[in-house]
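All remarks here apply to the structure that follows.
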Amino acid sequence: MEDNDALLTSAFINTLLTKHSNSSHPISKALIHTQNDTSFTQTLQSHIRNLRFNNSTTRKPLLIVVPTHVSHIQTAVISARTHNLHMKIRSGGHDYEGLSYTSSTETRFFLLDMQKLCSIDLDMATETAWAQTGATLGELYYKIAQNSKVHGFPAGVCPSVGVGGHFSGAGYGNMMRKYGLTVDHIVDAQLVNVEGRVLDRMSMGEDLFWAIRGGGGASFGVVLAYKINLVRIPETVTVFRVERTQEQNAVNDVVFRWQEVAPKLDEDLFIRMILDVVKSSQTGEKTLRASFVALFLGDSDRLISIMRNSFPEMGLRKSDCIETNWVQSIFFYSDIPMGTPEEYLLRRKPEKLVHLKRKSDYLKKPISKYGLNEIFKKMVELEYPALLFNPYGGRMAEIAPNATPFPHRLNLAKIQYVLNWEESGIEASCYYIGLMRKLYDHMTPYVSNNPRESYLNYRDLDLGINHHDWKTNNYRTANALGVSYFKENFGRLVEIKRRVDPTNFFRNEQSIPVISLEKLGSVHFLESRI
């Protein structure tokens with residue numbers, strides 16, 4: 001650590017421990033990890049899920065603060081402002097681009113790691129829960145399952161994802177056609193603002209409460225907890241996975257039909273479509289595979305009836321269906337063996353860490369059979385990238401696009417680009433990311449445009465970086481980013497940001513910027529004419 005960094009770190013820690021520390025809940029040195037501490041690397045790596053950002057060249061924080069009480073967050077915010085030290089906020093760490101624990105624009109920063117603020121308080125009488133942002137989805141699901149067989153929550157299917165990032169970026173899961181997004185069930189929140197004050201929904205006001213339900217909480221403050229409404233689910237749900245390959249001469253027809261049918265099916269039924277490349281069982285040559293993975297909120301008899309009437313092209317059989325409960329359906333979607341004890345939900349670390357890259361798109365209209373064939377050819381050529389199609393419709397289409405910052409509700413489906421690899425090093429990363437970019441470019445004619453929409457929780461630095469520097473900040477980039485993630489809702493988010501955090505203390509490479517609305521408007525007008 002350089003001398004200037006060491007002096008800044010020392011001064012910051014001294015302020016944490018003395019001037020602003022709450023006497024009832026003082027910050028101990030055990031909760032502060034500097035680069036010289038043996039605990040630093042273990043604490044930093046404990047919630048890194050993407051090996052691209054777990055190497056010696058990754059820019060690391062000067063220190064890590066792990067709060068165990070809200071006063072510790074308040075102290076950290078005030079101390080950081082005093083010493084002009086940038087703060088990154090991490091909950092679960094699935095963050096695809098590592099924006100919550102590393103930096104490509106800030107040379108000196110510290111990490112506020114929320115992992116120990118993970119309490120979950122259920123009130124079954126009101127069917128609500130308070131979940132702190134350091135908790136994982138698995139911990140939330142476990143708590144619900146221990147208290148009820150007929151309640152669940154519409155969020156993601158990966159148990160180790162953190163509540164903080166998932167909720168504040170909108171959040172979705174395989175019950176969204178029935179119940180909408182995760183944020184559609186948030187009814188209150190607790191947030192520490194730039195002044196170190198603790199706010200709830202009433203004291204923060206409806207604008208800020210709106211912003212942190214899909215606009216990215218880390219742009220506006222440190223969200224401590226969310227209050228949510230649980231949803232009712234049947235005791236028995238049904239799952240299935242059906243696969244088709246090109247050599248079966250049915251892929252094109254079934255994939256094309258999925259686009260027309262999946263967003264219009266009974267809202268109890270969610271069928272994810274996965275396109276990837278595998279080796280042919282007959283010839284050993286590369287071939288396109290389409291997998292259809294479903295959750296149905298009901299028994300298999302009703303599911304079979306719906307599929308026969310609405311989607312006979314898939315040829316679903318009773319033997320394809322597995323009746324189970326909600327928790328086991330999460331395991332099914334996450335490729336965790338069914339029958340695994342529910343306690344597995346409490347496991348924070350995935351079985352295997354990989355290098356990864358993700359991107360996203362939105363489907364506004366079905367891709368023609370010719371277009372699908374061209375996509376299949378490109379995927380077989382590139383071999384490694386996969387596409388996951390998540391259908392909308394149902395409850396998603398019934399909620400206004402400006403009800404929350406998430407504006408993409410009226411699309412047919414969201415597309416996620418998925419690529420994992422095991423090889424380390426910059427050369428391998430450049431190779432695999434290059435393959436994904438080629439597929440993304442190839443998809444341009446088939447997806448949303450003007451703007452090309454993207455999902456905030458699938459952060460993608462290929463879309464641009466906000467430098468948050470008045471001298472170098474590119475307003476065109478800021479606008480393009482904002483419109484891609486938020487469309488018409490971006491302007492409202494900018495106005496809220498200017499009001500609640502005018503000095504832009506809470507920031508990252510793709511956070512809501514502090515831009516004058518006049519400047520933002522002129523950029524948007526200019527781009528609309530290009």
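The values are calculated or read from the model by the stated rules, or taken from the named source; none is laboratory data. Everything numeric here is computed off the predicted structure, so don't read it as measured data. Ideal geometry is used to build each Cβ from the backbone, glycine not excepted, and the neighbour counts take in all protein chains shown. Side chains included, ligands, DNA and RNA excluded: accessible areas come from the protein's heavy atoms. Shrake-Rupley method; radii C 1.70, N 1.55, O 1.52, S 1.80 Å.
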Scan the stretch 74-88 and tell me whether some residue there is in contact (Cβ under 8 Å) with a residue 40 or more places away in the chain, touching a Leu at 6+ places or on another chain (Cβ under 7 Å), basic (Lys, Arg) and closer than 22 Å to residue 197 by Cβ. yes
Being outside any loop (DSSP other than H, G, I, E, B) and among the small types (Gly, Ala, Ser) is the filter; apply it to the stretch 498-530 and report the residue that is modelled with the lowest pLDDT. 528
Residues in the stretch 306-327: is at least one in contact (Cβ under 8 Å) with a residue 24 or more places away in the chain, buried (at least 19 other Cβ atoms within 10 Å of the Cβ) and of a type in the set (Phe, Trp, Tyr)? yes
Could you please let me know if residue 49 is more than 21 Å from residue 108 (Cβ to Cβ) and either touching a residue at least 24 places away in the same chain (Cβ under 8 Å) or surrounded by 15 or more Cβ atoms within 10 Å (Cβ to Cβ) (or both)? yes
Within the stretch 1-26, of all residues that are surrounded by fewer than 13 Cβ atoms within 10 Å (Cβ to Cβ) and hydroxyl-bearing (Ser, Thr, Tyr), the one modelled with the lowest pLDDT is 23
Counted residues in the stretch 439-463 being assigned to a loop (DSSP other than H, G, I, E, B), surrounded by 15 or more Cβ atoms within 10 Å (Cβ to Cβ) and not acidic (Asp, Glu) come to 11
Please specify each residue of the stretch 83-104 satisfying the condition of being open to solvent by 40 Å² or more (accessible area, probe 1.4 Å), assigned to a loop (DSSP other than H, G, I, E, B) and at negative phi. 94, 96, 104
Of all the residues that make up the stretch 38-78, how many are more than 30 Å from residue 433 (Cα to Cα), of a type outside the set (A, V, I, L, M) and not in a loop (DSSP other than H, G, I, E, B)? 5
Kindly state which helices (runs of 4 or more DSSP H) lie completely within the stretch 122-190 and contain at least 1 residues that are farther than 14 Å from residue 345 by Cβ. 163-168, 176-179
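Residues checked against (1) under 20 Å from residue 368 (Cα atoms); (2) in a strand (DSSP E or B); (3) at pLDDT below 95:
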{"site": "208", "(1), (2), (3)": "no, no, no"}
{"site": "235", "(1), (2), (3)": "no, no, no"}
{"site": "263", "(1), (2), (3)": "yes, no, no"}
{"site": "273", "(1), (2), (3)": "yes, yes, no"}
{"site": "282", "(1), (2), (3)": "no, no, yes"}
{"site": "287", "(1), (2), (3)": "yes, yes, yes"}
